[in-house]
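Only one structure is covered here, and it is reproduced in the block below.
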Amino acid sequence: MDAAIEARAVRKHYRGAERPALDGFDLRVAAGTVCALLGRNGAGKTTAVRIMTTLLAMDDGAATVAGHDVRTDGDGVRRAIGLVGQNAAVDEILGGRANLVLFGRLRGLAKAAARARADELISRFGLSDAAGRAVGTYSGGMRRRLDLAASLVVPPSVLFVDEPTTGLDPDARRDVWATVRRLVDDGVTVLLTTQYLEEADELADHVAMLRDGRVVLEGSPAELTSLIGETRVEARFGAPDDAAAAGRAAGRYAVGPVEVSGVGVAVPVADAGAVTGFCAALAGAGLAPVDVAVRRPTLDDVFMHVNTVSEGTR
């Protein structure tokens, strides 16, 4: 697929900083997809977004957004993108609709067109009942939805969203996620930065993990979790002897070392069929676990692995 965002060997070093914020940052985001940029605080996520949205100059490297060179065609980049920063950029005194009309006028829309677009977005983002209220009275989730709407007053081909749900409650987070999905359904390419692994797993087609200013691991959520380890069946018994016997019964179903600890046993398995077979083996051996759980590796495991490796190599 064509790349909507591409960065190659981008570097940025803030004056006085011990390490570069970006140190050979490479990224390619296919058009019409969601890419999640993951990393701890200070990994370089916000710096990358600021460079690709022309808010910050890179020291070295190259980047294009929607086919426009970030260094030489900043106007083209800005016409093609929307940006939702970490902090809401709307006016808290104005109402929601008035904010969107203002953004439309600032983006060059005629008065009638700005009003029509504001009405469309207010309805689309579920803000009709609060359209005339001062934004300062909005909840965090409502304000975030309005911020997203403001970035779409002139429809972008690429949307950058920096930490979209920081500080929001679970219901508000799900509202924002639903909004992002609708945008992608409309053909918008989305690059979001986040520290929430659940968010990346929920939304992203592609995940890029940053460490010390560069992408150290990337792929789909399924590809990344498959790198970390196998699916594990974890069973707990009433006595240590039963757990030990269960470990022996794992036999051919285990694809790695079986861990027996006290009354628990953990068996790495290849697939769902092996889970069924192992449970049948327990029943055949007269072993009745207190509980059984299947645990698949998650992006949290990948994230912890990447950052543990980082700390161990410094």
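Read the figures in this text as sums done on the coordinates, not as results from a lab. Quantities reported herein were computed from a predicted structural model and do not represent experimental measurements. Counting neighbours? That spans all protein chains shown, and the Cβs are built from the backbone with ideal geometry, glycine included.
Structure data summary
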{"read-out": "Three-way shape call for the stretch 1-129 based on the alpha-carbon gyration tensor, with the a/c threshold at 1.5", "value": "prolate"}
{"read-out": "Shape of the stretch 19-74, Cα gyration tensor, a/c cut at 1.5", "value": "oblate"}
{"read-out": "Packing rank of 61-72, 247-258, where each peptide gets the mean count of other beta carbons within 10 Å, highest leading", "value": "61-72, 247-258"}
{"read-out": "Over the stretch 170-252, relative contact order from alpha-carbon pairs under 8 Å, at least 6 apart, %", "value": "14 percent"}
{"read-out": "Using alpha-carbon coordinates, inclination of helix 140-150 to the longest axis of the chain, degrees", "value": "50 degrees"}
{"read-out": "Length gained when the stretch R174-D271 is fully extended (0.36 nm per residue, less Cα-Cα span)", "value": "31.9 nm"}
{"read-out": "Cα-centred dipole magnitude for the chain, charges only on beta-carbon of K, R (+1) and D, E (-1), debye, nearest 20", "value": "1000 debye"}
